[in-house]
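Here's the structure, in structure tokens; my notes come after.
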Amino acid sequence: MTDMTARDYAKLGFDEFLESSDKEFPFSFDDVWLFLEQKRAKETWQEKINQFEDAVRGDESSLGDNMLNVVMPVEHNFTEKQYIREFRAPAGHTIVSKIHNTNHPIFLLEGEVTIIEESGERRVKAPFYSITEVGTKRIVLVHEDCLFVTVHPANSTTIHEVEEEVVAKTFKDVNIQPKDYSVLDKFIKEIGVST
């Protein structure tokens with residue numbers, strides 16, 4: 001008898017379920033397996049980054065919440081439906097971000113850092129920008145003194161309120177909204193492509 005993998009056992013169970021049901025299942029086994037593998041990978045990343053953050057906070061060289069704003073000062077600005085956050089970080093520090101609850105741009109205006117996030121690791125030097133997606137939590141290793149600016153969509157106008165709006169306390173609290181494909185649907189209809 002050959003050794004069966006977890007995938008093999010799952011496929012057997014899936015096939016047995018389909019055979020015993022009189023309803024049509026809308027997904028193939030491969031679709032379901034891929035989805036579950038991606039979900040497991042995401043959960044593993046979330047668990048690992050939380051473990052890393054706990055280890056950093058427990059380290060005796062950790063700045064703690066009281067010293068963090070002294071060493072890495074943050075400037076807050078508000079404009080119409082936007083929250084602009086500017087902060088500096090000196091070389092040699094490690095930053096673990098909060099869990100982002102909005103899609104927004106992040107700009108590195110000075111310095112050089114390594115960014116470690118779910119999608120991988122990259123070393124970047126200013127000037128640099130990217131888009132932070134909802135649910136992102138990252139580790140930043142600061143190689144040179146740096147200046148970051150983020151611009152968040154926000155209705156709030158105070159620091160306490162905006163923190164509640166743009167940051168999720170846990171990964172389960174992330175504000176993921178279904179994407180609006182209406183513009184794409186309209187374009188497809190206009191060019192006459194059938195779906």
Handout entry: Whole-number percent relative contact order across the chain, with pairs defined as alpha carbons under 8 Å at least 6 apart
Key = 20 percent
Practice task
Could you work out how far apart the two model spin labels at LEU18 and ALA55 are, taking each label as a point 7 Å from the Cα in the direction of the beta carbon, and quote it in nm?
Solution key: 4.2 nm
Practice task
Express in nm, to one decimal, how much length is gained between ASP3 and ASP173 on full extension, taking 0.36 nm for each residue of separation and deducting their alpha carbon distance.
Solution key: 57.2 nm
Problem - Solvent-accessible area per residue, Å², over the chain with all protein chains present [probe radius 1.4 Å] - result: 71 Å²
Exercise for the section: Using a 1.4 angstrom probe on heavy atoms only, work out the carbon and sulfur share of the accessible area of the chain in %. Expected result: 54 percent
Completion exercise
Which of LYS23/LYS169; LYS39/LYS169; LYS48/LYS186; LYS42/LYS179; LYS39/LYS125 exceed 30 Å between C-alpha atoms? The answer is LYS23/LYS169; LYS48/LYS186; LYS39/LYS125
Practice task
Using only the alpha carbons of the chain, determine the length spanned along each of the three principal axes and report them from longest to shortest in whole angstroms.
Solution key: 64, 53, 31
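So, by mean Cβ neighbours within 10 angstrom, what's the order for 23-31, 141-149, 155-163 with the highest one leading?
Details: 23-31: 10.0, 141-149: 17.4, 155-163: 12.8.
Per-residue Cβ counts within 10 Å, averaged per peptide and sorted highest first, yield 141-149, 155-163, 23-31.
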Problem - Cβ-Cβ FRET estimate between PHE78 and THR44, R0 fixed at 25 Å, reported to 0.05 - result: 0.10
Completion exercise
Using alpha carbon centers only, segment 1-47 is separated from segment 78-157 by a whole-angstrom value of 36 Å
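The values are calculated or read from the model by the stated rules, or taken from the named source; none is laboratory data. No experiment lies behind these values; they were computed from the predicted model shown. All Cβ positions, glycine included, derive from the backbone under ideal geometry; neighbour counts span all protein chains shown. When the accessible area is computed, the model is the full protein with side chains, heavy atoms only, and any ligands, DNA or RNA have been set aside. Shrake-Rupley method; radii C 1.70, N 1.55, O 1.52, S 1.80 Å.
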